[in-house]
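*Asks:* Before we start, here is the structure in question, set down as C-alpha cells.
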Amino acid sequence: MVKMIVTDVDGTIVGKDEILHEAMADYVKQLKEKQIAYTIATGRCAGLVKDYVEQLGIEVPYIACNGGSVVRKGEVLAKRTIPLKHLRKIFETADEMGMAVIYSVNGMEYAYRETPYILSQQASHNRYFTQSDFTEETWESLELEKVIVMAAVRDGSIHMIEELCKELPPSIAYIPYGTKAIDIQSAEATKENGVRELARLMNLSMDEILFVGDDLNDVNMIRAAGIGVAVGNAQPAAREAADYVTKEKCYLGVMEAVDKYTGADAWRSAMDNSLRRQSYNLPVVLKEQFEDLKGQIKRLLEDGMFDQAERLILTGCGDSYGAGLALRYPLEELTDLPVELVNAMDLSRYYEKKRLTDKTLVIVVSISGNGFRIREITEKANACGAMTLAVTRNKDSDIGNRAKRVLLLPLSPFEGGPGNRTYFSSLLALLMFGIAMGEARGVHDEARSRFCYEEIKKQGELLREFLPTWEEPLFQLAKDWKEMTGFDFVGSGMEYGSAWFSHAKILEITGAFAMQINSEEWFHMNNFVKAIHQCGTVFFASVKAPGYERTREAVGYSVRLGRPTLVITDGTQEDLGVTVPCIRVPSADFLPAMALTQYVPVCILAGYMGAMLGEKNCRGCLGPWSFAAGGAFIKEKKEL
C-alpha cells in the first residue's frame, strides 16, 4: 500500500518555466486530506526549493542536492559533502573553457565566475551570484554539497570535464547529462540514499513509497521505490527503469500516476477552475435574476416608448455579440418584428444613419457598459432619433448614462474569470425581453408567455442535474484535446451563437486558434482543414433545431475524415447515425431556452484544458498582451 509520494522537481512537477502551478499545490493538499504524505527529492539545493516547499505545504522531510541533504522545516537532518580541494582542476579547467561552474554550500548555490549563462540566470531567476575568489585556505578547507558544470556550447567539450571526473577519489561521484552538464557530489549522495533516510525517519518501507521522476539522477530511485514512475516527458533511461510511464507530461503525469496507484481520485478536483465554478452557479443566477428582470421589463414596456418600434437592431462586442447571434431569430419570432444583428464597428461607422429612424429600437448589450465603440453607437442612434436600450450590469456607465432606457442585469458578486455567468445573464435578459414584448404587441397571449417562462426555469433545474454527468467525459476529453493546435465550432441558427461563444472561450482560455462556422458553410470551407488530427471539432445539434439534418450530415463527414469530434445534443448517438462522443444537454419544447445551457459543456471543457495547460485567461494580459490590461485598448480609443 502506498503511504508516501516522493517526486522530483524539475521536469516532474515544474516545467522549463520553473513555475509551480496552483493545480499541483491543490493536488498535494488533497493528498494530505486523504492521509497520503507527499514530499520532494530534487537535485536542487535547499535554498532553491524553499518557495516550492512552502507552496506545496511540505512539513515532512525533503531531499535536496540529489540526496546530499535531508531537510525538514529549514533544519538539516543529514548532509553529505565533498572537499573542494579535490575539484580545483575541474573548476579551473571549466572556467578556462568558458563553462559555468555552480557550487552549493549550506543550502545555497553560487557561481564560480560570471559567464553569459550565469548572467542570464541572475537576470531571469535572481540566482547563482558570485562570492569573492577562493583563497588557498578556501580551496583546502571548504566542503561542498554539490557542483554543476554547464557547457557553454553543446559541442561535446563537456567530455573533457568528464575525463577529469574519472580521476576523482571513489568517495566522489558524477552524473553526466549528455553534452549539456555534469553533476558532481558525494558518492553517498543519491536520491535513493536520501529517500531511504527519509523512509527511516518516517518509519516506512521503500515498498510503501511511490516515486516519480524524469531524468538520469532519478533512475536508481525509480528502481528502488515500491512503485517507480517516469512522467511522459522523461529521458529514455528513466522510462526504461520505470514500472509505469505516464501518458501525461510533468505534473499532470504525477497526478495520473498517483491517482492510478493510490485511488486518490484527486486529479480532476485539482483542475477546478473559474469557468467550472461559474457553470455550477448558473442555476443560482437564473433563480436570482428571473423575477427582477421580469419586473424591470414589465416597467420598461408599460412606459410606452417601445410601442412604436417597427424593427430591432441588436449589437455589442465580444460575448455580447455572441448573445445576439444566439437570439436574433428567436427575438424575431417572439416579437414579430424584423431583427438585425450588426457588429459594433459596422453599426458605429458604416451603418446608414437614415435607417436609424424613430421606429428603430437599438439594443446595445454590454456587461461593463463601458467602451468607446458602444458609446459611439448609443450616441449615434440617439442623434438619429432611434430608441436605445442598454442591457448592462452597470447603470452608471457609458451606455447606462446615454441610452434612453436601461435593462439592468442584477448579477450578484462572484469571482472573476472568463465570461460565463455574464453571457448567461445577457441571454436571459434578451430572451425574457422578447417574450414580454411579444405579449405586449399581441403576438402571443399571456398563457404562451407563462409557458416560455416555465421552459426557461426548467433549463436551470435540468442544468443542475446534467452538470455532474458531464464532468468525467469532458475531463477525459480535455486530457486528449488540450494540446490541439486548432478548434472548429459548428452550428446553425440559434446554435451558431453557441458555437461563436464557445470558440471565444477556447481561444481566451487555451490560446489555441479557434473558429466558428455555420453548418452549411462548414461543407464549403472548414471541412478542408489539413491538420485533421489536430483540429478538435464540436457540433451543436439539437434534434429539434430546423437545421439539424444538415448538422447531422456534417457530423458524419467529420467522423469520416477522422477528425476528433464531439457533438453537443439533446438527442442520442443513435439519432446521429454514427459512433461519436456526445454530451447530452437539456432539451426544451421552447427551443430558444436551450441557448441558456447548450454552451455550458464547452465551458467545462475549456476550463479543464486551461487548468491542465496552466494557462492564464487571455494570457493574463502580460508580455506581448500587456496592451490589453484593464481593457484600455477598448475604453480609451480616441474618436476619429
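The values are calculated or read from the model by the stated rules, or taken from the named source; none is laboratory data. Fair warning: this is a prediction, and the values are worked out from it, not measured in the lab. For neighbour counting, all protein chains shown are included, and Cβ atoms are generated from backbone atoms with ideal geometry for every residue, glycine included. The area values use the complete protein model at the heavy-atom level, side chains included, leaving out ligands, DNA and RNA. Shrake-Rupley method; radii C 1.70, N 1.55, O 1.52, S 1.80 Å.
*Asks:* Among the residues of segment 105-115, how many are crowded, with 19+ Cβ neighbours inside 10 Å and out of contact with any Ser or Thr (no Cβ under 8 Å at 6 or more places or on another chain)?
*Replies:* Of the residues in segment 105-115, 2 are crowded, with 19+ Cβ neighbours inside 10 Å and out of contact with any Ser or Thr (no Cβ under 8 Å at 6 or more places or on another chain).
*Asks:* Residue by residue through segment 406-429, note down the ones that are in contact with a strand residue (DSSP E or B) (Cβ under 6 Å, 6 or more places away or on another chain) and within 15 Å of Phe501 (Cα to Cα).
*Replies:* The first filter runs over segment 406-429 and keeps only residues in contact with a strand residue (DSSP E or B) (Cβ under 6 Å, 6 or more places away or on another chain), leaving 406-407, 426, 429.
Residue satisfying the conditions is Ser426 alone.
*Asks:* Within segment 56-88, track down each residue that is assigned to a helix (DSSP H, G or I) and surrounded by 15 or more Cβ atoms within 10 Å (Cβ to Cβ). Before you say what the answer is, go through the steps one by one.
*Replies:* Narrowing segment 56-88 to residues assigned to a helix (DSSP H, G or I): 56, 65-67, 84-88.
Answer for segment 56-88, where residues must be assigned to a helix (DSSP H, G or I) and surrounded by 15 or more Cβ atoms within 10 Å (Cβ to Cβ): Leu56, Cys65, Asn66, Gly67, Leu84, His86, Leu87.
*Asks:* Now for a separate question. Given the condition assigned to a helix (DSSP H, G or I), open to solvent by 20 Å² or more (accessible area, probe 1.4 Å) and of a type in the set (Phe, Trp, Tyr), answer yes or no: does some residue in segment 467-474 qualify? Spell out how you get there, then give the answer.
*Replies:* In the first step, residues of segment 467-474 are kept if they are assigned to a helix (DSSP H, G or I); the result is 467-474.
Restricting the remaining residues to those that are open to solvent by 20 Å² or more (accessible area, probe 1.4 Å) gives 468-469, 472-473.
If we keep only those that are of a type in the set (Phe, Trp, Tyr) as well, we get none.
Checked against the condition, which is being assigned to a helix (DSSP H, G or I), open to solvent by 20 Å² or more (accessible area, probe 1.4 Å) and of a type in the set (Phe, Trp, Tyr), segment 467-474 yields no hits at all.
*Asks:* Another one. Residue by residue through segment 437-461, note down the ones that are in a helix (DSSP H, G or I) and touching a Ser or Thr at 6+ places or on another chain (Cβ under 7 Å).
*Replies:* First, the residues of segment 437-461 that are in a helix (DSSP H, G or I): 437-440, 446-461.
Residues satisfying the conditions are Met437, Gly438, Glu439, Gln459.
*Asks:* Could you identify the single residue in Ile148, Ile184 that is open to solvent by 20 Å² or more (accessible area, probe 1.4 Å), under 42 Å from the mean Cα position of the chain (by Cα) and of a type outside the set (Lys, Arg)? Steps first, answer last, please.
*Replies:* Working: Ile184 fails: open to solvent by 20 Å² or more (accessible area, probe 1.4 Å).
So the residue among Ile148, Ile184 that is open to solvent by 20 Å² or more (accessible area, probe 1.4 Å), under 42 Å from the mean Cα position of the chain (by Cα) and of a type outside the set (Lys, Arg) is Ile148.
*Asks:* Would you point out the residue of segment 279-302, among those that are in contact (Cβ under 8 Å) with a residue 60 or more places away in the chain and acidic (Asp, Glu), that is surrounded by the most Cβ atoms within 10 Å (Cβ to Cβ)?
*Replies:* Only one residue tops the list, namely Glu288.
*Asks:* Still on this structure, please answer the following. Can you name the residue in segment 288-320 that is hydrophobic (A, V, I, L, M, F, W, C) and part of a strand (DSSP E or B) and is also farthest from Leu356 (Cα to Cα) among such residues? Quick ask: steps written out before the conclusion?
*Replies:* Filtering segment 288-320 for residues hydrophobic (A, V, I, L, M, F, W, C) gives 290, 293, 297, 300-301, 305-306, 309, 312-314, 317.
Applying the additional criterion that residues be part of a strand (DSSP E or B) yields 312-314.
Working: Leu312: 10, Ile313: 9, Leu314: 13 Å.
Filtering first and then ranking leaves Leu314.
*Asks:* Which one of these does Trp481 not meet: (1) open to solvent by 20 Å² or more (accessible area, probe 1.4 Å); (2) touching a residue at least 60 places away in the same chain (Cβ under 8 Å); (3) not polar (S, T, N, Q)?
*Replies:* Failing condition for Trp481: (1).
*Asks:* Which number in (1) in a helix (DSSP H, G or I); (2) under 27 Å from Val231 (Cα atoms) marks the one condition that Ile182 misses?
*Replies:* Just one mismatch for Ile182, condition (1).
*Asks:* Just the residues that are within 14 Å of Ala100 (Cα to Cα), in a loop (DSSP other than H, G, I, E, B) and free of Cβ contacts under 8 Å to residues at least 60 places away in the same chain, please, taken from segment 132-161.
*Replies:* Ala151, Ala152, Val153, Arg154
*Asks:* Considering only residues that are of a type outside the set (A, V, I, L, M, F, W, C), part of a helix (DSSP H, G or I) and touching a residue at least 12 places away in the same chain (Cβ under 8 Å), which ones fall in segment 497-533?
*Replies:* Within segment 497-533, the subset of a type outside the set (A, V, I, L, M, F, W, C) is 497-498, 502-503, 505, 508, 510-511, 516, 518-521, 524, 526-527, 530, 533.
The next check asks that each one be part of a helix (DSSP H, G or I); those that pass are 497-498, 502-503, 505, 508, 510, 519-521, 524, 526-527, 533.
The answer is Gly497, Ser498, Ser502, His503, Lys505, Glu508, Thr510, Ser519, Glu520, Asn526, Asn527, His533.
*Asks:* Let me ask another. Name the residue that is nearest to Arg200 (Cα to Cα), counting only residues in segment 23-40 that are open to solvent by 20 Å² or more (accessible area, probe 1.4 Å), of a type outside the set (A, V, I, L, M, F, W, C) and not in a helix (DSSP H, G or I).
*Replies:* The extreme case among them is Gln35.
*Asks:* Return only the number of the condition from (1) out of contact with any Pro (no Cβ under 7 Å at 6 or more places or on another chain); (2) surrounded by fewer than 21 Cβ atoms within 10 Å (Cβ to Cβ); (3) closer than 28 Å to Ala25 by Cα that Glu96 does not satisfy.
*Replies:* If we test Glu96 against (1) out of contact with any Pro (no Cβ under 7 Å at 6 or more places or on another chain); (2) surrounded by fewer than 21 Cβ atoms within 10 Å (Cβ to Cβ); (3) closer than 28 Å to Ala25 by Cα, just (3) comes out false.
*Asks:* Looking for whichever is in a loop (DSSP other than H, G, I, E, B) and of a type in the set (Val, Ile, Thr) here; the options are Thr378, Thr357, Thr388. Which one fits?
*Replies:* Working: Thr378 fails: in a loop (DSSP other than H, G, I, E, B); Thr388 fails: in a loop (DSSP other than H, G, I, E, B).
Just a single option satisfies the conditions, and that option is Thr357.
*Asks:* Go through Gly43, Gly47 for me and flag whichever is in a helix (DSSP H, G or I), closer than 29 Å to Glu192 by Cα and more than 28 Å from the chain's Cα centre (by Cα). Talk me through it step by step, then tell me what you get.
*Replies:* Details: Gly43 fails: in a helix (DSSP H, G or I).
Going through Gly43, Gly47 in turn, just one is in a helix (DSSP H, G or I), closer than 29 Å to Glu192 by Cα and more than 28 Å from the chain's Cα centre (by Cα): Gly47.
*Asks:* Continuing with this model, one more query. Output the residue which, of all residues in segment 411-435 that are touching a Ser or Thr at 6+ places or on another chain (Cβ under 8 Å) and surrounded by fewer than 21 Cβ atoms within 10 Å (Cβ to Cβ), is nearest to Lys616 (Cα to Cα).
*Replies:* Gly417
*Asks:* Taking Ile102 and the conditions (1) open to solvent by less than 60 Å² (accessible area, probe 1.4 Å); (2) over 35 Å from the mean Cα position of the chain (by Cα); (3) over 22 Å from Asp214 (Cβ atoms), which numbered condition does it fall short on, given that it satisfies the others?
*Replies:* (3)
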